[in-house]
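Chemist: Let me begin by handing over the structure; questions about it come next.
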2 protein chains.
Amino acid sequence: MTLADVLPAEAIVEPKGRYLADLMGRGVQGTADAVVLPSSAEEVAAAMRWCYENDVPLTARGGGTGLAGGAIPVQGGIVIGFERLNRIRQFDPLLWRIQVEAGVTTGDVHRLARENGLRFPPDPGAAEVSQIGGNIACNAGGPHAFKYGVTGHWVTGLEAVIPPGEIVTFGGPIRKDVAGYDLRSLLVGSEGTLGLVTAAWLRLVPAPELELPVIGLYRDAEAGISAIERVLASGVVPAAIEYLDGATLSYSGDAYPFGLPPEAAFMVITEADGAAAEARRVAAELRDALADDAVAVHAPTEPSEVSELWRWRGGAAFAILAQRGGAFSEDIAVPLDRLRDVARETLEIGARHDVPALSFGHAGDGNIHSTFLFAPEDLDEEQRADDACHELFQLALRLGGTVTGEHGIGWLKRGQLEHQLGPTGYDLHLRVKQAFDPKNLLNPGKKR
Amino acid sequence: MTLADVLPAEAIVEPKGRYLADLMGRGVQGTADAVVLPSSAEEVAAAMRWCYENDVPLTARGGGTGLAGGAIPVQGGIVIGFERLNRIRQFDPLLWRIQVEAGVTTGDVHRLARENGLRFPPDPGAAEVSQIGGNIACNAGGPHAFKYGVTGHWVTGLEAVIPPGEIVTFGGPIRKDVAGYDLRSLLVGSEGTLGLVTAAWLRLVPAPELELPVIGLYRDAEAGISAIERVLASGVVPAAIEYLDGATLSYSGDAYPFGLPPEAAFMVITEADGAAAEARRVAAELRDALADDAVAVHAPTEPSEVSELWRWRGGAAFAILAQRGGAFSEDIAVPLDRLRDVARETLEIGARHDVPALSFGHAGDGNIHSTFLFAPEDLDEEQRADDACHELFQLALRLGGTVTGEHGIGWLKRGQLEHQLGPTGYDLHLRVKQAFDPKNLLNPGKKR
């Protein structure tokens, strides 16, 4: 039997370029015999059954915005895309819940929630393009994960297809469940190596009335990170705590909407949210906590200014990329008391490998995008940037952290997991993979 | 080699009665050859290695307050208790985190957090006796899980011993980690069947300044559950949404601190929390939402009254038990739109089996303690109450819910899991068990 015998013609397309790569870079492009675009969970199951019967690798992709190569079909076979599996199956705004298929974009979930006075808090970078299934497969984070948690925290149930091609559900539109092992959490963040998510039940919350960023600008990282510590000690819970270091500001600061004082070489962005009075109270506390030693404190209050700030913050990655044309931006996470080490050692690692270095990211979660720049035409510099990334992963482990806080292991970080988990933990990781996917056909070569 | 060759003498005690049962009732008591009370993770590993080498079952127990028989050694062997593994390993109040060993009571974690302006939100019933390791093994909930989530949500890292006796860590004092599969979440709620938690890194949050309960009293369940729906639609996030039905009030209402009007036959307890002004604002919204059709609305504001309310609410289970001497209190969870069905059908199930029935619990999470009473000397009535529980489990599944929202499967609900997960999901559940515990020596007979 061929694939065409088990799937409708419109669900099988030629393996075009955009299905063979993601945003990892490094010149890695996969190969595939076909791309399957199912429009139902049953078609996903049919594709997996065919792959399992014929020993063909099956690599899932969402919006293709991953940064770790998780969606690249490195061992050929079939690529499965979810853009046609994109229905809202159920929406109960009064009960704060929605059931969506895997191919719905995260931006659409945001919009639908907002139009009904609700909020789906996870806000990874490429929300308009990335799909909820991909966000679940990577357990995507974002700036507001500090207060609201990562994607998995908002998933109460999953429908998924597991080898050799069975549709299963874990959880559902329920808020508590301790019956079976937490296989829902196991699928979240599994990067398409255990099963393929076809639909998810998501929790929502009432939208905050007001979001009030408070931004502190400092002369150096030491002053800025001390300010973050004061924020934590102040007794309020900010919605976000971000930092951008001096090099980041030097590349992106011109577009900063509220004007960067010349002596500013470190930025801390916090945000207060909630009902109007509460957001204002928290913003005042944040302002107090950020003020010591600050070059300036900015506290925009107009909704248009607030959007402008976050648009600028979201665009920082592009400003950085534009600087030399190439950038490897990682996502290590460390205990909060090691933030200073990350800020300092990122620069030292860059210097050792002779590449421009910078760091920015989700400071409140200890999850920092240490970044190394290169010119794409300079293959030696690109290699040095890649080497710097590998030294960074070692740094994360030395500081008691993780090599990946939100991007995933994918293909980029292959080999790192064993160092992080140790032999016993890694063996257990492989045994769990074996329990789900005994033929190792789901996204082979990844998450290991 | 005997157990005495691998453990110090003081770590091995005689298997006394209190180590052989928990609060499940049903006259089930286990048997054991010895009770091991380790004082380090290394001693836990030594005990497990000995059990694995000698094919001896190993059943873990925390405070022994479980209601599903999860800690009963039904197949003999060794019982392992954690009361001597009870150190605070690290406490960083300014970074909102603590590392505790498994035998520390949840009440001690609460106290330590509170004394430092922080809060550990999970508040299961028997916090003063139950241990954090047991709470993690059951993923315990409680009234405030509505806003704050269950125990697992506050666990960022685990140290555990897995077969055949290796110490592993998953996560740590970090707030984000997507490197390996989420084995941390897999251990949470695994009821001692996959590995034994020896220590945990917990997240904390700044304590709310004020907690303001708002209580609505209604003539019947229909009016009360409509009030809960209005609360959800009001746009505020209460810290808790509980209900107690008419039968529950008839047994416990005399001790209700604010006086129960005679026509009150259903109670909804909500709570506002946060900074003073915010808590007052939310409390006012809750009062508005609860007022329609209410017989009375009570809104205590004195801290002593607030403690008194929750003490009374916590004592409701004992008032119910005292009524006839015996009570089976379950913990199904259903989608929020099925609360009415649970309230009504619990009574119908009781009537069909000719036992007094009632329901109360964590309504906002759809997690209800449907309860059937019996006189302990009336073995036939006890059997009918047990039969009623089994019909209740069927109800949970029919309503799209789970047989257990916070107590666990344990021994009591054996056989239910396959119905809930279906053959494919159940098979996967067993394969995960096999991956961790190939000899099936960890708490055999449970969680299946």
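Chemist: In whole Å, what three semi-axes, largest first, describe the equivalent ellipsoid of the protein assembly as shown built from its Cα gyration tensor (square root of 5 times each eigenvalue)?
Modeler: 42, 33, 28
Chemist: Hey, another quick one. Mind checking the mean number of beta-carbon atoms from other chains within 10 Å of the Cβ atoms in B:361-370?
Modeler: 2
Chemist: Counting only other chains, what is the mean number of Cβ atoms within 10 angstrom of the Cβ of each residue in peptide A:93-106?
Modeler: 2
Chemist: Taking the label point 7 Å from Cα in the Cβ direction, how far apart in nm is A:Pro423 from each other copy of itself, listed shortest first?
Modeler: Relative to the other copies, A:Pro423 has label-point distances of 4.1 nm.
Chemist: Residues of B:397-409, mean number of Cβ from any other protein chain within 10 Å of their own Cβ, rounded to a whole number?
Modeler: Counting Cβ atoms of other protein chains within 10 Å of each residue's Cβ and averaging gives 3.
Chemist: Among A:Val432, A:Val342, A:His407, whose Cα lies farthest out toward the positive end of the dipole of region A:341-448, if unit charges sit on the beta carbon of Lys, Arg (+1) and Asp, Glu (-1)?
Modeler: Among A:Val432, A:Val342, A:His407, the one farthest towards the positive end of the dipole of region A:341-448 is A:Val432.
Chemist: Hey, if you put +1 on the Cβ of every Lys and Arg and -1 on every Asp and Glu Cβ in the protein assembly as shown, which of B:Ala126, B:Thr193, A:Ser39 ends up farthest toward the positive end of that dipole?
Modeler: Of the options given, the answer is B:Thr193.
Chemist: Run a plain Debye calculation on region B:196-244 (Cα atoms as equal point scatterers, no solvent) and give log10 I(q)/I(0) at q = 0.16, 0.28 Å⁻¹, rounded to two decimals, same order as the q list.
Modeler: Summing over Cα pairs of region B:196-244 leads to -0.65, -1.19.
Chemist: Additional query: Normalised radius of gyration for region B:160-210, please: alpha carbon Rg relative to 2.2 N^0.38 Å, two decimal places.
Modeler: Working it through for region B:160-210, the quotient is 1.38.
Chemist: Roughly how big is chain B's charge dipole about its Cα centre, with Cβ charges of +1 (Lys, Arg) and -1 (Asp, Glu), in debye to the nearest 20?
Modeler: Approximately 1040 debye in magnitude.
Chemist: So which of A:Lys16/A:Lys446; A:Lys446/B:Lys433; A:Lys413/A:Lys433; A:Lys413/B:Lys176; A:Lys147/A:Lys413 end up more than 25 Å apart by C-alpha?
Modeler: Flagged as over cut-off: A:Lys147/A:Lys413.
Chemist: Related question: Does region A:323-443 come out rounded, prolate or oblate by the C-alpha gyration tensor, with a ≥ b ≥ c the root eigenvalues, rounded set by a/c under 1.5 and, if not, prolate when a/b is larger than b/c and oblate if not?
Modeler: Cα axes put region A:323-443 in the oblate bin.
Chemist: Within the set of other residues whose C-beta is less than 10 Å from the C-beta of B:Leu417, count the net charge using Lys and Arg as +1 and Asp and Glu as -1.
Modeler: Value of the local net charge: +3.
Chemist: Further, regarding this structure: Is region A:314-361 best put as rounded, prolate or oblate by its Cα gyration tensor, with a ≥ b ≥ c the root eigenvalues, rounded for a/c under 1.5, and otherwise prolate when a/b is larger than b/c, oblate when not?
Modeler: Oblate is the answer for region A:314-361, as a/c is 1.5 or above yet b/c matches or exceeds a/b.
Chemist: Roughly how many debye, to the nearest 20, is the charge dipole of region A:331-448 about its Cα centre, given +1 on each Lys and Arg Cβ, -1 on each Asp and Glu Cβ, and no other charges?
Modeler: 760
Chemist: For A:Met1, place a label point 7 Å out from Cα along the Cα→Cβ vector, do the same in each other copy, and report the separations in nm, one decimal, smallest first.
Modeler: Here the equivalent label points are 5.3 nm apart from this one.
Chemist: Suppose each label sits 7 Å from its Cα in the direction of the beta carbon; what would the B:His390-A:Glu377 distance come out to in nanometres?
Modeler: That separation, rounded to one decimal, is 7.9 nm.
Chemist: For the protein assembly as shown, with only Lys/Arg (+1) and Asp/Glu (-1) charged at the beta-carbon, what is the dipole magnitude about the Cα centre, in debye rounded to 20?
Modeler: For the protein assembly as shown, the charge dipole is close to 800 debye.
Chemist: Which of the peptides A:132-139, A:343-350 is most tightly packed, and how do the rest follow, going by the mean number of other Cβ atoms within 10 Å of each residue?
Modeler: So the peptides A:132-139, A:343-350, ranked by packing, come out A:132-139, A:343-350.
Chemist: Gain in length, A:Glu263 to A:Glu53, computed as 0.36 nm per residue apart minus the alpha-carbon separation, to one decimal in nm?
Modeler: 69.2 nm
Chemist: Run the helix sum for the protein assembly as shown: -39,500 (n - 2.57) per DSSP H stretch of 4+ residues, divided by residue count, reported at 222 nm to the nearest 500 deg cm²/dmol.
Modeler: It lands at -11000 deg cm²/dmol.
Chemist: How many angstrom lie between the Cα centre of region A:170-187 and the Cα centre of region B:6-66?
Modeler: 29
Chemist: Same structure again: What is the sum of charges, Lys and Arg at +1 and Asp and Glu at -1, for the other residues whose Cβ falls under 14 Å from the Cβ of B:Glu305?
Modeler: -2
Chemist: Go through B:Pro376, B:Leu392, B:Ala351 and say which Cα lies farthest out towards the positive end of the charge dipole of region B:316-448; charges sit on Cβ, +1 for Lys and Arg, -1 for Asp and Glu.
Modeler: So the residue furthest toward the plus end is B:Leu392.
Chemist: Also: What angle do you read, to the nearest 10 degrees and between 0 and 90, between the alpha-carbon axis of helix A:339-352 and the longest principal axis of chain A?
Modeler: Value to nearest ten degrees: 80.
Chemist: A further question on this structure: Within region B:382-404, list the residues whose amide N lies under 20 Å from a label point set 7 Å along Cα→Cβ of B:Glu348.
Modeler: What the label zone holds, given the 20 Å backbone N cut-off, is B:385-403.
Chemist: At B:Phe318, with labels set 7 Å past Cα in the Cβ direction, how many nm apart are the copies from this one, shortest first?
Modeler: 6.3
Chemist: Send over the semi-axes of chain A's equivalent ellipsoid, whole angstrom and largest first, taken as the square roots of 5 times the C-alpha gyration tensor eigenvalues.
Modeler: After scaling each eigenvalue by five and taking roots: 37, 26, 19 Å.
Chemist: Add +1 for every Lys or Arg and -1 for every Asp or Glu among the other residues with Cβ under 10 Å from the Cβ of A:Thr193, and state the total.
Modeler: After counting each charged neighbour, the total is +2.
Chemist: Extension gain B:Val28-B:Ser250, at 0.36 nm per residue separation less the Cα-Cα distance, in nm?
Modeler: 76.9 nm
Chemist: Ranked from highest to lowest mean number of other Cβ atoms within 10 Å per residue, what is the order of the peptides A:34-43, B:265-274?
Modeler: B:265-274, A:34-43
Chemist: What shape does region A:203-315 take by its C-alpha gyration tensor, where a ≥ b ≥ c are the square roots of the eigenvalues and a/c under 1.5 counts as rounded, a/b above b/c as prolate, and the rest as oblate?
Modeler: Oblate is the answer for region A:203-315, as a/c is 1.5 or above yet b/c matches or exceeds a/b.
Read-outs throughout are calculated quantities, based only on the coordinates presented, and are distinct from any laboratory measurement. Source: prediction; values computed, not measured. Ideal geometry is used to build each Cβ from the backbone, glycine not excepted, and the neighbour counts take in all protein chains shown.
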